[in-house]
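The values are calculated or read from the model by the stated rules, or taken from the named source; none is laboratory data. These numbers were taken from a predicted model, which means no experiment stands behind them. Cβ: placed from backbone, ideal geometry, glycine included. Neighbour counts: every protein chain shown. We work out accessible area using only protein heavy atoms, side chains counted, and drop any ligands, DNA or RNA first. Shrake-Rupley method; radii C 1.70, N 1.55, O 1.52, S 1.80 Å.
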Amino acid sequence: MLYREAGDFKTSYAADGQTFPIRFDRLRYWAVLAVAFGVVPFLINDYWANAVMVPFLIYAIAAIGLNILTGYCGQVSLGTGGFMAVGAYACYKLMTAFPDVSIFLHVLLAGGVTALVGVLFGLPSLRIKGFYLAVATLAAQFFLVWLFNKVPWFYNYSASGQITAPERTILGIAVTGANTPAWAKYLFCLVVLTLLAWVARNLTRGAVGRRWMAIRDMDIAAEIIGVNPLTAKLSAFAVSSFFIGVAGALFFSVYLGAVEVGEAFGIQKSFLVLFMIIIGGLGSIFGSFAGAAFLVLLPVLLKNILVGQLGWPTDLAAHIELMIVGGLIIVFLIAEPHGLNQLWRVAKEKLRLWPFPH
């Protein structure tokens, strides 16, 4: 009976157009933030940070970025792994070249560099779309991985070809490097995710987001009514690449600490983030969170059950995981194309109408 609109009056246009028009949703939102910032840092340990929480936060940023491009603007991309690599290597070069600058600025600047690269590879979207654009972004994925492998300047002429994040601190607390505590990793990623999710939500519900969705629904009609396809598509590529670049920088510097581009940012990374937004729901910020949580928690759950409880071989459990993910993608595409976000929306609608059948 708490989830009701009765008595929840709006007295201004701003109140009527807010993200959470129902009071219960607003309270739930602030409660989640309070638990995330005020409770989890005191309870988290290395296992939960490295296996669940930090990868979820980073993948959620990448999923939001890809959802802006694919879900909101309708531009298919298979180059997410390559753009994450751009963010990682840009962050590494900035960290080694400017050691006195805050790591927070390095992460944001790495996102800016990735945005420029994303605009460059987004230029073909002005002439091609659909399957052909997917192939073009797939070419960007392979080209970027090849570039970071073949040009020693990107990894500072290291003999191993790997890049390793030096230790950096914020307010005297390490957030990168081997001595980083679990709660510091978690809080740093959570702050970045919260800021970017707020930006994404306001962009997608404003004039910029409406232009993206107009291009997605019918680009010719959008151009007729005054939407410029050039600025709309390239801005979507820029914003999306910025988010993905930030995710790549965090994935390298905070989560892994040392990466080799072919292993960490291969084509499988592009497909993983794509699966997240398909399962979570295209054109939805909440769907990005739901898809990232689902595909981060699923391997951990299956490993604990199949390997830990049943004693199955690790490789067999990995193959079963791939089969389950593939089956779920097929089920969602056929039965519920809008993913977990639509299931969540329907559940909320039923709660609003309960106990009335209509």
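Summary of values
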| quantity | calculated |
| --- | --- |
| Note, ³J(HN,Hα) from phi for the stretch 130-137, Karplus 6.51, -1.76, 1.60, rounded to Hz, x at Gly and Pro | x, 4, 5, 5, 4, 5, 5, 6 |
| Projected label distance in nm at Asp315 and Arg345, using a 7 Å step from Cα toward the beta-carbon | 4.4 nm |
| Accessible area (Å², per residue) of the chain, counting only protein heavy atoms and a probe of 1.4 Å | 50 Å² |
| Packing rank of 172-179, 13-20, 115-122, where each peptide gets the mean count of other beta carbons within 10 Å, highest leading | 115-122, 172-179, 13-20 |
| Mean Cβ count within 10 Å, highest first, over the residues of peptides 96-105, 204-213 | 204-213, 96-105 |
| Met276, Met218, reordered so the largest accessible area comes first (probe 1.4 Å) | Met218, Met276 |
| As computed over the chain, the Cα convex hull volume per residue (Å³) | 179 Å³ |
| Exposure of Phe131 as accessible area (Å², to 10), given a probe of 1.4 Å and all protein chains | 150 Å² |
| Segment Thr194-Leu297, extension gain: residue separation times 0.36 nm, minus the distance between their alpha carbons | 35.1 nm |
| 5 angstrom amide H check on Val259, placed H, neighbours 5+ away | Ile163 |
| Highest to lowest packing among 313-319, 249-255, scored as the average C-beta count within 10 Å | 249-255, 313-319 |
| Residues with amide H under 5 Å from that of Trp312, placed H, sequence gap 5 or more | Val307 |
| Leu116-Ile170 FRET efficiency (beta carbon distance; Förster radius 25 Å; 0.05 resolution) | 0.45 |
| Reachable lysines from Lys303, criterion Cα separation under 26 angstrom, eight or more residues apart if same chain | Lys185, Lys269 |
| Nearest-20 debye value, the chain charge dipole, Cβ charges on Lys, Arg, Asp, Glu | 700 debye |
| Magnitude of the charge dipole, the stretch 65-212, Cβ model with Lys/Arg +1 and Asp/Glu -1, debye to 20 | 540 debye |
| Accessible area (Å², 1.4 Å probe, nearest 10) - Ser158 | 40 Å² |
| Cα-based reach from Lys129 at 12 Å (exclusive), listing aspartates and glutamates while leaving out same-chain residues under 8 positions away | Asp219 |
| For the chain, built as a Gaussian network whose Cα springs stay under 10 Å, the top-fluctuating residue of Phe237, Phe83, Phe271 | Phe271 |
| From phi via Karplus (6.51, -1.76, 1.60), per-residue ³J(HN,Hα) for the stretch 119-124 in Hz, x at Gly/Pro | 5, 4, 7, x, 4, x |
| Of all accessible heavy-atom area on the chain, the percent that carbon and sulfur account for (1.4 Å) | 70 percent |
| The stretch 298-304 - phi-based ³J(HN,Hα) in whole Hz, Karplus 6.51/-1.76/1.60, Gly and Pro as x | 4, x, 5, 5, 5, 5, 5 |
